[in-house]
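Structure, as structure tokens:
The values are calculated or read from the model by the stated rules, or taken from the named source; none is laboratory data. What you see is a predicted model; the values in this text were computed from it and never measured. FYI the Cβ positions are ideal-geometry reconstructions off the backbone, even for glycines, and counts take in every protein chain you see.
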Amino acid sequence: MSKFELKLPKMGESVAEATITTWLKEVGDFIELDDAVLEIATDKVDSDVPSDVSGILVERVYEEGDVVKVGEVLAIIDTQKEESEVSRPEANKIEEPKNIEDNIIEVEAEVNEVIAQVSVSSTPVIANNEDHFYSPLVKKIAETEGITQAELDALKGTGLDGRVTKDDVLTYLEHRSKPTSKPSVDQVEAKKSETPEIHLEGATPLEVNSTDELITLSRMGKMISDHMVHSKRKASHVQSFIEVDVTNIVNWRAKVKDAFLEREGEKLTYTPIFMMAVAQAIKKYPLVNIVFDGVDQVVVKKSINLGMASALADGNLIVPVIKNAEHLNLIGMTKSVNDLALRSKQNKLKPEDVKGGTYTVTNIGGFGSVFGTPIINQPESAILAIGAIRKVPAVIETSEGDFIGIRHKMYL
């Protein structure tokens, strides 16, 4: 048998591990070259891991929910087996007669397998609930060390919004007194009565009626929520609004957009035009393009990597990044904007597409909003919201006097 080790690929400098969310192939399945074998999730983006070879999946090293380091083996694929072997009936195999020693060895193996299954089934299964959310790593440690759901729920977390972290669990294990004998029913009941009720700070019990619909947040929805709350706590948000006359831009785009589409094969929207303006403005005022460590140091980023808030297929938002935007002309910027927007909707973004941003632009005008107050995308220091373009009456100053005219205006 020729074994091929399918490993977790490198997904960018800042990504060191990923969580297995779904296995797409079962043991015994035939895998074609480039077939997706499993889906993974990082703190940046979700993606799948394709196979570099054709063969039969003979082993899955990790289970769903496990956290895997980059470079670790995910699965074993037998590249010498053919697809036809998958469905070959066992009845066609000719077995040699077994002697007594072979039977004894086989029985011992079956007994050991049963013991192992019983041991696994006795391991406590940790689940998220209404008041507590645990990361896959915390669940893994708890299940490995035999920490019960009640013990974990009673822990006071030091993470964001009181979330229990890996360090919290390890600290608990250091001070945990393991019982020498199985506790009695009375001891268990007494322990339950001593356990205080834990409530999230600021959480209010929900009243759910029979006509209400409960929707569980997706993993990405929870990550977005945590990221936004973290940013509001880390950075003081100060908003400033200006009204901009974009009549000349509107008229110019109306004249050139058809010829631009025919010549470049790209649809010219307002977004790349505004991105060009933002990149040039940051070149003029580089202290906008900074990262603050929260103590006493500021890093001035020399590359202008513009984040562009985009919608995913499920309605969530993600921020793919246009790298070195200051070096792009309008054609290059348009191609980058359209490519990232399309791949966002198709869930085809790669981890490197959403990292390294130094400044973010969000187009709230697409929802008809005139202006809004976005949240800074950490670890950046600023964000720009682009409002809807509207026709409004305005005062036009000329050498012959002031007049009232119709202009295209927007708020930034």
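Here's the yes/no breakdown for (1) out of contact with any strand residue (DSSP E or B) (no Cβ under 7 Å at 6 or more places or on another chain); (2) part of a loop (DSSP other than H, G, I, E, B); (3) of a type in the set (S, T, N, Q); (4) in contact (Cβ under 8 Å) with a residue 12 or more places away in the chain:
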site: S336; (1), (2), (3), (4): no, no, yes, yes
site: L340; (1), (2), (3), (4): no, no, no, yes
site: S344; (1), (2), (3), (4): no, no, yes, yes
site: T360; (1), (2), (3), (4): no, no, yes, yes
site: F371; (1), (2), (3), (4): no, yes, no, yes
site: V392; (1), (2), (3), (4): no, no, no, yes
site: E397; (1), (2), (3), (4): yes, no, no, no
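Suppose we filter K348, K335, K355 for residues that are of a type in the set (K, R) and crowded, with 20+ Cβ neighbours inside 10 Å; which single one remains? Quick ask: steps written out before the conclusion?
On the way: K348 fails: crowded, with 20+ Cβ neighbours inside 10 Å; K335 fails: crowded, with 20+ Cβ neighbours inside 10 Å.
The conditions single out K355.
Counting only residues that are in contact (Cβ under 8 Å) with a residue 60 or more places away in the chain and of a type in the set (G, A, S), which one in region 33-80 is surrounded by the most Cβ atoms within 10 Å (Cβ to Cβ)?
Out of the qualifying residues, it is A75.
Where in region 270-334 are there strands (runs of 3 or more DSSP E), lying wholly inside it, with at least 3 residues that are among the hydrophobic types (A, V, I, L, M, F, W, C)? Before you say what the answer is, go through the steps one by one.
Values: elements: 290-292, 298-300, 306-308.
Per the criteria, 290-292, 298-300.
Pick from region 34-51 the residues that are at pLDDT 85 or above and in a loop (DSSP other than H, G, I, E, B): which of them is nearest to D78 (Cα to Cα)? Give the steps one after another, and end with the answer.
Pass one, region 34-51, residues at pLDDT 85 or above: 35-40, 49-51.
Narrowing the set further to residues that are in a loop (DSSP other than H, G, I, E, B) leaves 35, 51.
Working: D35: 15, S51: 12 Å.
Checking each candidate, the answer is S51.
Say whether the condition of being basic (K, R) and at pLDDT 70 or above is met by at least one residue in region 17-27. I'd like the intermediate steps shown before the answer.
Kept after step one, since they are basic (K, R), are these residues of region 17-27: 25.
Filter once more, so that each one left must be at pLDDT 70 or above: 25.
So far as region 17-27 goes, yes, one or more of its residues are basic (K, R) and at pLDDT 70 or above.
How many residues does region 251-271 contain that are within 36 Å of the chain's Cα centre (by Cα) and not small (G, A, S)? Can you show your working first?
We begin by selecting, within region 251-271, every residue within 36 Å of the chain's Cα centre (by Cα); these are 253, 257, 260-261, 264-271.
Filter once more, so that each one left must be not small (G, A, S): 253, 257, 260-261, 264, 266-271.
So the answer is 11.
Output the helices (runs of 4 or more DSSP H) that fall wholly within region 143-246 and possess 3 or more residues being at pLDDT 65 or above and over 30 Å from L384 (Cα atoms), or say none. Write out each step before concluding.
Values: elements: 149-154, 166-175, 185-194, 219-234.
Of the helices (runs of 4 or more DSSP H) lying wholly inside region 143-246, those with at least 3 residues that are at pLDDT 65 or above and over 30 Å from L384 (Cα atoms) span 149-154, 166-175.
Surrounded by 10 or more Cβ atoms within 10 Å (Cβ to Cβ), of a type in the set (A, V, I, L, M), without any contact (Cβ under 8 Å) to a residue 24 or more places away in the chain and within 21 Å of M308 (Cα to Cα) - does that describe any residue in region 255-274?
No; the residues of region 255-274 include none that is surrounded by 10 or more Cβ atoms within 10 Å (Cβ to Cβ), of a type in the set (A, V, I, L, M), without any contact (Cβ under 8 Å) to a residue 24 or more places away in the chain and within 21 Å of M308 (Cα to Cα).
Take K323 and tell me if it is among the charged types (D, E, K, R) and surrounded by 12 or more Cβ atoms within 10 Å (Cβ to Cβ). Steps first, answer last, please.
Working: among the charged types (D, E, K, R): yes; surrounded by 12 or more Cβ atoms within 10 Å (Cβ to Cβ): yes.
Criteria met by K323.
Any residue in region 155-178 that's small (G, A, S): show its pairings with residues that are at pLDDT 75 or above at Cβ separation under 6 Å, as long as the two are six or more apart or on different chains.
Final answer for the pair search is G157/R163; G157/V164; G157/D168; G159/T165.
Per-residue answers, yes or no, for (1) surrounded by 15 or more Cβ atoms within 10 Å (Cβ to Cβ); (2) farther than 18 Å from A382 by Cβ:
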site	(1), (2)
V278	yes, no
I282	yes, no
Y285	no, no
V288	yes, no
K301	yes, no
G307	yes, no
V319	yes, no
H327	no, yes
I331	no, yes
